[in-house]
Amino acid sequence: MSGGGRRGPESWSLRIVVTIQHPAHVHFYRHAIDELEAEGHEVYVFARENDLAVPLLEAFDISHEVLASQHRSLVGLGLTQAAYEVRLLRRARQIDPDVMTAIGGLAVSHVAPLVGARSVVFLDNEGVTSHRLVAPFADVIATPANFRDDLGENHVRYDSFQELAYLHPNRFDPDPSRLRDAGVDPAEPYFVCRFRTWDALHDVGARGLSTDGKREIVSRFRDAGSVYISSSDPLPPDLEPYRLPVPPAAVHDLLYYADGYAGDSGTMATEAALLGTPAVRIQSFATDPESDMSNFVVLEQEYGLLRSTAAEATAIAHVEELLADPSAKARWRTRRRRVMRAKRDGTAVLRSLLTDATLPRAREQPIAER
């Protein structure tokens with residue numbers, strides 16, 4: 001039992017299961033969820049506990065169920081994943097979905113075949129071991145067009161970034177009033193930092209900024225304006241006063257009006273870059289453009305919107321260079337417009353992949369050319 005035809009064309013609708021593991025996943029799916037439900041499709045959202053993902057679901061009034069708690073160790077990660085898959089399978093059997101979808105998609109790719117659903121998995125990070133556990137089972141694996149890895153006959157490429165499902169101009173209109181309501185003046189110079197927790201399945205063996213590195217970057221920014229920190233990792237007492245005051249749903253407004261961004265979150269670095277904010281990304285992944293994730297390489301080398309490095313000293317030098325350049329923000333905005341002219345509305349791509357049951361059998365052309 002799969003595809004959208006089983007309920008008949010006269011009342012064509014789908015039951016769609018969406019799973020959420022990260023705050024960016026909420027943003028990625030939220031516009032599609034609204035539009036699919038408005039068209040009469042039934043959408044069921046399941047989440048794993050997260051420092052920001054569940055609050056974001058609540059802030060956007062997205063009905064959801066939490067199926068697993070956060071993990072605090074590598075052993076806990078495995079146990080949480082197993083419990084999550086079992087609970088997802090139990091609920092999927094009750095729902096009898098047509099389509100199941102996720103970013104990453106480990107649980108969805110395993111559960112969907114057991115309930116006769118079509119699975120649509122989105123990926124944008126190459127070289128991740130868990131992809132080998134997803135690719136053989138997923139009906140559709142969708143990646144940006146520049147994705148280096150070949151994930152087999154079910155691999156569909158689209159001409160966009162995942163973040164353009166919610167940051168494309170069709171989807172995002174910055175609102176300065178939301179910042180003023182939180183005590184942030186968008187007309188005054190300020191900078192944003194994001195420090196993340198390195199506990200995801202694809203993070204094993206990777207690292208971000210040290211505590212001293214965080215202090216150094218905040219110190220440089222503090223000399224030029226206000227500093228706002230978003231952190232899922234505990235902050236030392238001296239950095240805690242900089243924790244951002246805006247609600248999670250307004251973080252992209254904060255990034256848009258910021259004069260610069262630096263941090264060890266790849267997602268937020270990408271978001272800042274696509275919003276036209278000078279961005280510095282510090283991650284151990286960023287050792288070599290030949291092995292780094294292609295979306296970061298494209299943003300840096302093709303569009304000039306990002307600086308990536310694994311070295312904290314180099315990151316601080318990038319921050320100082322941006323602070324010394326009064327025209328940086330204007331140049332980033334011009335570069336952003338070039339990206340938006342070249343790339344598709346990600347939500348339109350997402351909806352097409354979820355609702356077109358012929359896509360797994362029609363891969364002669366990439367989705368961007370259809």
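Every number in this text was worked out from the coordinates using simple rules, so none of it is lab data. No experiment lies behind these values; they were computed from the predicted model shown. Cβ sites come from the backbone with ideal geometry, for glycine too, and all protein chains shown count toward neighbours.
If R0 is 41 Å, the Cβ-Cβ spacing of Ser232 and Glu153 corresponds to a FRET efficiency of close to 0.65. Modelled this way, with points 7 Å down the Cα-to-C-beta line, the labels at Asp212 and Glu290 are 3.1 nm from one another. Applying the Karplus relation 6.51 cos²θ - 1.76 cosθ + 1.60 with θ = phi - 60° to the stretch 211-220 yields 3J(HN,Hα) values of 4, 5, x, 4, 4, 5, 5, 4, 4, 5 Hz, where x marks Gly and Pro. Computed over the chain, the alpha-carbon pair-distance distribution with 10 angstrom bins reads 5, 24, 34, 25, 10, 2, 0, each value a whole percent.
Multiplying the residue separation of Arg243 and Glu321 by 0.36 nm and removing their Cα-Cα distance gives an extension gain of 25.6 nm.
Within the listed set Val86, Val339, Val349, the residue fluctuating most in the Gaussian network model of the chain (springs between alpha-carbon atoms under 10 angstrom) is Val86. Across the chain, the longest piece that holds none of the GluC sites (Glu not before Pro) lying in DSSP loops with up to 13 other C-beta atoms within 10 Å covers 154-289.
With a/c under 1.5 counting as rounded, go ahead and sort the stretch 177-342 into rounded, prolate or oblate using the C-alpha gyration tensor (a ≥ b ≥ c being the square roots of the eigenvalues; past the cut-off, prolate if a/b is larger than b/c, else oblate).
Since a/c stays below 1.5, the shape of the stretch 177-342 is classed as rounded.
What the Cβ-Cβ distance of Arg93 and Ala38 gives, at R0 = 30 Å and to the nearest 0.05, is a FRET efficiency of 0.65.
In order along the stretch 159-174, the Karplus-derived 3J(HN,Hα) couplings, from 6.51 cos²θ - 1.76 cosθ + 1.60 at θ = phi - 60°, round to 8, 6, 10, 3, 5, 7, 6, 9, 10, 4, x, 5, 10, 10, 10, x Hz, and Gly and Pro are given as x.
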